[in-house]
Amino acid sequence: MAKRLLVAYGLWALGGPLGLHHLYLGRDSHALLWMVTLGGFGGGWLWDFWHLPAWVAAANGAPGGRVGAVPALSPLRLAGQVAVGTYFGLVAALAMPWVPALVAQPLAVGLGVQLVASVGDQTARAPSTLAAAFVASLLFQGRVLAVLPASLAAGVTAQRHRRYKPHGAAQPRLAARLYRLGLACLAFAAPLACRGLCGAAGALGTMLALPRAVTELLLLPLRATGLLAEVLGFAGGFPAQEWSGRGERQQRAYEVLGLLPGSSTEDVHRSYRELVKLWHPDHNRQRAEEAERRFIELQEAYEELLGHRRAAAAG
C-alpha cells in the first residue's frame, strides 16, 4: 500500500516523539529509537519534519539514496551513536545496580550504538560493536564514567563496519513488527520501573515511620521521667550502678524498635516483625549497607528485650 505524505505528517504531529510516523513508513529501528528516547530527546522529532518527503518516497519504492557499496561516513550518525550509547549506559547503571557493571553497562552501550547504526537503510556488525564496548569498559574497570569512552569506541567501530541492509527484503506483518517493538520497549522500561517501585517502597517506609517519630518526640518527657525513676530504684528494681549498663542497652533497644520503655511483649513482637520486613536486605538492594546495619540492630534489640523479659520471668 502506497504511503501518503499527509498521513505521515499527521502521525508526526500526533505521535512523533513515540515514532508513529516511522512505524507507518516501515522504519522500525527508527521508531524504537524514538520510543526509548522520546523523539531523540525532542530535537530529533523536530528534525524529522524536513525529511518526511524523502522517507515517504523511499517507502513507496522511489529509486535513489544508495551510492556505492558502503554508506558514506556520517559524523551526525556517529554523534547520535555516542549520545544514545551513553544514555543507555547511564540508564543501565541507574536501573540495574545489582548487575555487575562490567556486564550491564557495556551491553547497554553496545545495544544503544547498534540501534542508531540500524536506523534507515544502514546497519553495522553487531558483534564488533558489542566487543568494542566491552573492551573499552574493561579498560575503565566498569566505572560509570566508562560509558562515554565505551560509547565512543563502539560508535567508531560501528562506523568502520557500516553497511547497507539487504535491498528488497520482505517486510514482516504489522502484528509481528508490533510484537518485536513491544518486547524491546519492555526490556528497556522494565528495569527502570522496578527501580522506581523500589524507590517508592523506601519512601513509603520513611513516611510510615514519621508518625512514630512524632509520637516519640511528644512522649520524650514521660520517657525521661520513667528512666529517672528506674535509675533511682523506684521502678525497675535495679540499683543505679547495675542499671547503668543494662538500662542503656534496653533504652537503645526500645529506640531501635520504636517503642516506649515498658512496652508489652506483644508490642515488641509486632514492631520487630514490621521493621524486619521493611529493612530486610533482600528488599533493599539499592541501599544494601544501610539495610544490613538496620537488620542487625533489630536482631540485637529484639534479643536484648526478650532476654530481659525471660530473665525477669525466671526470677
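The values are calculated or read from the model by the stated rules, or taken from the named source; none is laboratory data. Note that the coordinates shown come from a computational prediction; the quantities given were computed from them, not determined experimentally. Counting neighbours? That spans all protein chains shown, and the Cβs are built from the backbone with ideal geometry, glycine included. Quick note on the areas: whole protein, heavy atoms, side chains included, nothing else; ligands and nucleic acids left out. Shrake-Rupley method; radii C 1.70, N 1.55, O 1.52, S 1.80 Å.
Ordered from highest to lowest accessible area with the whole protein assembly present and a 1.4 Å probe, Glu274, Glu248, Glu297 read as Glu248, Glu274, Glu297.
Per-residue SASA remark: Trp55, around 40 Å² accessible (1.4 Å probe; ligands, DNA and RNA not included). Accessible area per residue was computed with a 1.4 Å probe on protein heavy atoms; Thr37 scores about 10 Å². Once both labels are modelled 7 Å past Cα along the beta-carbon direction, what's the Phe41-Glu266 spacing in nm? Reported label-point gap for Phe41 and Glu266 is 5.9 nm. Ranking of Met1, Met96 by solvent-accessible surface, largest first: Met1, Met96 (1.4 Å probe, protein heavy atoms only, all chains present). The candidates Asp28, Asp121, arranged from most to least accessible area with a 1.4 Å probe in the full protein assembly, appear as Asp121, Asp28.
The trypsin sites (Lys or Arg not before Pro) found in region 119-200 that occupy coil by DSSP, while having at most 14 further C-beta atoms within 10 Å, are Arg143, Arg173.
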